[in-house]
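Trainee: What follows is a structure written as structure tokens; I'll ask about it next.
Please treat every number below as a calculation from the coordinates, not as lab data. Note that the structure is predicted; figures quoted are calculated from it, not measured. Methodologically, a virtual Cβ is constructed for each residue, glycine included, from the backbone with ideal geometry; neighbour enumeration extends over all protein chains shown.
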Amino acid sequence: MVARNVDLRSDTVTKPTEAMRIAMANAEVDDDVLGNDPTAFLLETEMARMMGKEAALFVPSGTMGNLICVLVHCDVRGSEVILGDNCHIYIYENGGIATIGGVHPRAVKNNDDGTMDIDLIEAAIRDPRGELLYPTTRLICLENTHANSGGRCLSVEYTDRVGEIAKKHGLKLHIDGARIFNASVALGVPLDRLVQAADSVSVCLSKGIGAPVGSVIVGSKNFIAKARRLRKTLGGGMRQIGILCAAALVGLQENVGKLESDHRKARLFADGLNEIKGLKVNASSVETNMIFIDIEEGTRTRAEKICKYLEERGVYVMQECSSRLRVVLHHQISASDVQYALSCFKVMMTTNHLTSCLMDPICAVLFL
Ligand SMILES: Cc1ncc(COP(=O)(O)O)c(C=O)c1O
């Protein structure tokens, strides 16, 4: 019987808090497809205000949020979007921008910190004189924080520079801000300033904010009017969504203030992991709530085995590949959970080391 449950697979695994459930039960609702849901209106108004944009729209998921934004900016088939070769839209969203939107992705190398080199971005912009042959570049996408880079933050200076390039070439800038709250807190830059250069942002409520469902996209009034229509086309027009928006409003109140603590716990976790023989974390890359754990070469155990061992003790982590694990902190992980998970890692790796030694003939002799 496992005494504890420490779920570190993602910040999407949080359960709605008591206050969220009460707010959901009592939410004032109406038909949002008809534009009448007062709680959706409240959430969208608040999100638009926080992000410094004219308008906002609740959508079922971050994937749909990104898809809608890309499709609104690239409303002519054969449009091209410049994005990172390690970004979520390019890797994990079923190629929806291409299959559904007819948008061509132009992938530019993502650096380890989640940026793309500015000169590479500029070089990837198609020359309009070649329109007989080329797709037409219309959009640049950034991701902040950058998940596949371990939750690293794009600075406001970098974002502004990409915004300037976009403007210079008549392009739009979209930010996949699934974890933009984490970036804002870690950088100490207000949200509206951080995304000032962007024409649209997609923000997940079901990650650090802890809501059970949903994302919000923000942009100009005209952009959101088009987005609302596309959301309906994609089947994302829902009815009494105030029930979901009520939980998100509570999440904004309850959990934004806890992100700093999530980040602090992530750093402590990373430091603890680095003390365990056979594991390695690039501590300087732990800027927010994510940790990538590398299993050092020469260590006989693999990620799958570690996951299984931890699971049997109620600790859940994500396997990235056979030599890498991912851990994500969130508001339902306490400091004591971190210590418990660390102790499980430690025992696992120490036991494994001893077993490996025993299997090694020379060591076996020494242990006799
Ligand atoms: C960076 C990033 N963008 C977008 C998404 C998509 O969000 P959803 O799972 O709500 O579709 C995720 C989900 O993990 C993500 O990490």
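Trainee: Given q = 0.15 Å⁻¹, what are the Debye log10 I(q)/I(0) values for the chain, with equal point scatterers placed on the Cα positions and solvent ignored?
Mentor: -1.26
Trainee: Sticking with this one: Compute the angle between helix 38-51 and the longest alpha-carbon principal axis of the chain, please, reported from 0 to 90 degrees and rounded to the nearest 10.
Mentor: With rounding to tens, the tilt is 80 degrees.
Trainee: Moving on to the next point. Where a Cα-Cα gap under 23 Å defines reach, which lysines qualify for K265, not counting those fewer than 8 residues away within the same chain?
Mentor: Those lysines meeting the cut-off are K15, K207, K277, K280, K346.
Trainee: Hey, another quick one. Which of the aspartates and glutamates could be linked to K226 by a straight reach, that is with a Cα gap under 15 Å, when you skip same-chain ones fewer than 8 residues away?
Mentor: Hits, sequence-local ones excluded: E54, D75, D199.
Trainee: For region 255-285 and region 212-250, write down the distance between their C-alpha centroids in whole Å.
Mentor: Measuring centre to centre over Cα atoms gives 34 Å.
Trainee: Now, a different point. Å³ per residue of the Cα convex hull, for region 258-352?
Mentor: Measuring per residue, one finds 82 Å³ for the Cα hull of region 258-352.
Trainee: Given a Förster radius of 35 Å and the C-beta distance between D30 and D75 as r, what FRET efficiency does 1/(1 + (r/R0)^6) yield to the nearest 0.05?
Mentor: The calculated FRET efficiency here is 0.70.
Trainee: Moving to a separate point now. Just to compare against my own numbers: the Cα pair-distance distribution for region 122-200, 10 Å bins, whole % per bin, please.
Mentor: With a bin width of 10 Å, the distribution comes to 19, 45, 25, 10, 1.
Trainee: With labels modelled as points extended 7 Å from the Cα through the Cβ direction, what inter-label distance (nm, one decimal) is found for D85 paired with E311?
Mentor: Going from the D85 label point to the E311 one covers 3.3 nm.
Trainee: With the cut-off at 24 Å, report for region 163-299 the share of all Cα pairs above it, as a whole percent.
Mentor: 47
Trainee: Averaged over all directions, how much area does the convex hull of the C-alpha atoms of region 21-106 cover when projected, in nm²? Spell out each step's value before the answer.
Mentor: Values: hull surface 30.0 nm².
Over every viewing direction, the Cα hull of region 21-106 projects on average to 7.5 nm².
Trainee: Something else about it: Determine which residues of region 128-169 fall in the zone a paramagnetic label at R193 would reach in this model, i.e. backbone nitrogen under 16 Å from the point 7 Å along Cα→Cβ.
Mentor: Within reach of a label on R193, which here means backbone N under 16 Å from a point 7 Å along Cα→Cβ, region 128-169 contributes 154-161.
Trainee: If you don't mind, another one. Can you pull the one-decimal nm distance between simple spin-label points at D271 and K226, each 7 Å off the Cα toward Cβ?
Mentor: 4.9
Trainee: Related question: Run the paramagnetic zone check for H169: 7 angstrom along Cα to Cβ, then residues of region 35-79 with backbone nitrogen under 16 Å.
Mentor: Within reach of a label on H169, which here means backbone N under 16 Å from a point 7 Å along Cα→Cβ, region 35-79 contributes 74, 79.
Trainee: For region 263-300, run through the GluC sites (Glu not before Pro) and keep only the ones in DSSP coil with at most 16 other Cβ atoms within 10 Å of their Cβ.
Mentor: E275, E296, E297
Trainee: Say a paramagnetic label sat at a point 7 Å from the Cα of V347, along Cα to Cβ; which residues of region 284-328 have their backbone N under 20 Å from it?
Mentor: Flagged as within label range: 301-318.
Trainee: Same structure again: Which distance in Å, rounded to a whole number, links the C-alpha centroids of region 181-205 and region 14-39?
Mentor: Each part reduced to its Cα centre gives a spacing of 25 Å.
Trainee: Based only on other Cβ atoms within 10 Å, what is the fewest-to-most ordering of Y90, Y309?
Mentor: Listing Y90, Y309 from fewest to most nearby Cβ atoms yields Y309, Y90.
Trainee: Additional query: Need the full-extension length gain, E254 to Y134, defined as separation in residues times 0.36 nm minus the C-alpha distance. One decimal, nm.
Mentor: Extra length available between E254 and Y134 comes to 38.4 nm.
Trainee: Can you tell me which of R129, R161, R138 moves the most in a GNM of the chain? Springs connect C-alpha atoms under 10 Å apart.
Mentor: Judging by the Gaussian network model, the answer is R129.
Trainee: Taking other Cβ within 10 Å of each residue's Cβ, how do Y92, Y316 sort, fewest first?
Mentor: Sorted ascending by nearby Cβ count, the order is Y92, Y316.
Trainee: If you rank E44, E254 by fewest surrounding Cβ atoms within 10 Å, what's the result?
Mentor: Sorted ascending by nearby Cβ count, the order is E254, E44.
Trainee: Out of S336, S285, S202, any idea which swings most in a Gaussian network model of the chain, alpha carbons joined below 10 Å?
Mentor: Checking each option, the largest mean-square fluctuation is seen for S336.
Trainee: Moving on to the next point. Relative contact order of the chain: what whole-number percent is it, with Cα pairs under 8 angstrom and at least 6 residues apart?
Mentor: Contact order relative to length: 24 percent.
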